[in-house]
Amino acid sequence: MTEDTPPWPRPAEYKTRVDGRGGLIRVVLVGEPHDGRELFMDELDLPVEIYTSPRSDAFEWWPAAVKDEMSRTAVGGDPSAPPVRYILRVPDDTGEPLFVSDTKAR
């Protein structure tokens, strides 16, 4: 692996730009604690926001639809380490979907 290669596996084929046709697409997380991490999902299933575990060494994510359920778990309900909200952004110039941390989106 090189320094540019993430330490987690990537699928063999995926898109990097939205085109409205669906298919596996890479979404990069921007902002701490998971800056640079990638998620791969169907373009048509992209949620407008996700929540993640607050620690960079323990990555879990969930859509807003299950936020209430996750708030009753150890990973999503610790008041001293609340989940981090990421918001979907797709810049017009690149078409690359990004999940931007709430603190970076302001």
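Readers should treat all values here as calculations from the given coordinates under stated rules, not as data from a laboratory. Note that the coordinates shown come from a computational prediction; the quantities given were computed from them, not determined experimentally. For neighbour counting, all protein chains shown are included, and Cβ atoms are generated from backbone atoms with ideal geometry for every residue, glycine included.
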- Query: Within the stretch 78-94, whose backbone N sits under 18 Å from a point 7 Å along Cα→Cβ of V48?
  - Reply: 85-92
- Structure-derived Cα extents along the principal axes in Å: which label, when the choices are (1) 66, 24, 18; (2) 48, 29, 20; (3) 38, 32, 25: (3)
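Under the rule of -39500 (n - 2.57) per DSSP H run of 4 or more residues, summed and divided by the residues of the chain, what mean residue ellipticity at 222 nm is obtained, to the nearest 500 deg cm²/dmol?
The helix-only estimate for the chain comes to -1000 deg cm²/dmol at 222 nm.
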- So, with points 7 Å from each Cα along the Cβ direction, the R21-W8 label distance in nm works out to 2.7
